[in-house]
Amino acid sequence: MRINNLPSLDVHGETRSTVVYPVKEFIQDNVKMKNRDIIIIHGNGHNILKQTVQNLLKKNPYVKEFHYDGTNLGATIITLNIESKFDK
């Protein structure tokens, strides 16, 4: 998989509370566009954004699975369930 070609969202500069909306919207938009794989760039820092993003992904019914990019721990690769029964 070539991550350079994946739709991406860079959440650098967001906080725990402000990151929720853009992540949710990014996932919903990509489900509508039938993009199976996406990437969220959260950075390393003190792992605050990384942990917040992971918690959001765990709770999202459109997220099938996610893992860190093997070459960049500041990015998470997400596989979406684009045939989700929650699609409305």
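Filtering the range 58-78 down to residues that are among the hydrophobic types (A, V, I, L, M, F, W, C) and within 19 Å of Gly13 (Cα to Cα), which residue is surrounded by the fewest Cβ atoms within 10 Å (Cβ to Cβ)?
This residue is Leu73.
Output the residues belonging to the range 1-58 that are of a type in the set (Ser, Thr, Tyr) and under 12 Å from Ile78 (Cβ atoms).
Ser8 - this is the single residue of the range 1-58 that is of a type in the set (Ser, Thr, Tyr) and under 12 Å from Ile78 (Cβ atoms).
Of the residues Asn35, Asn44, which single one is at pLDDT below 95 and either in a loop (DSSP other than H, G, I, E, B) or loosely packed, with under 14 Cβ neighbours inside 10 Å (or both)?
Asn44
Say whether the condition of being part of a loop (DSSP other than H, G, I, E, B), surrounded by 14 or more Cβ atoms within 10 Å (Cβ to Cβ) and small (Gly, Ala, Ser) is met by at least one residue in the range 3-13.
no
Among (1) hydroxyl-bearing (Ser, Thr, Tyr); (2) touching a Lys or Arg at 6+ places or on another chain (Cβ under 9 Å); (3) without any contact (Cβ under 8 Å) to a residue 40 or more places away in the chain, which single condition is Thr79 missing?
Among (1) hydroxyl-bearing (Ser, Thr, Tyr); (2) touching a Lys or Arg at 6+ places or on another chain (Cβ under 9 Å); (3) without any contact (Cβ under 8 Å) to a residue 40 or more places away in the chain, the lone unmet condition for Thr79 is (3).
Any idea which of Glu83, Glu65 is at negative phi and at pLDDT below 95?
Unique residue meeting the criteria: Glu83.
The values are calculated or read from the model by the stated rules, or taken from the named source; none is laboratory data. Model, not experiment: these values are computed from the prediction. When we count neighbours, we look across all protein chains shown, and the Cβ atoms used for this are built from the backbone with ideal geometry, even at glycine.
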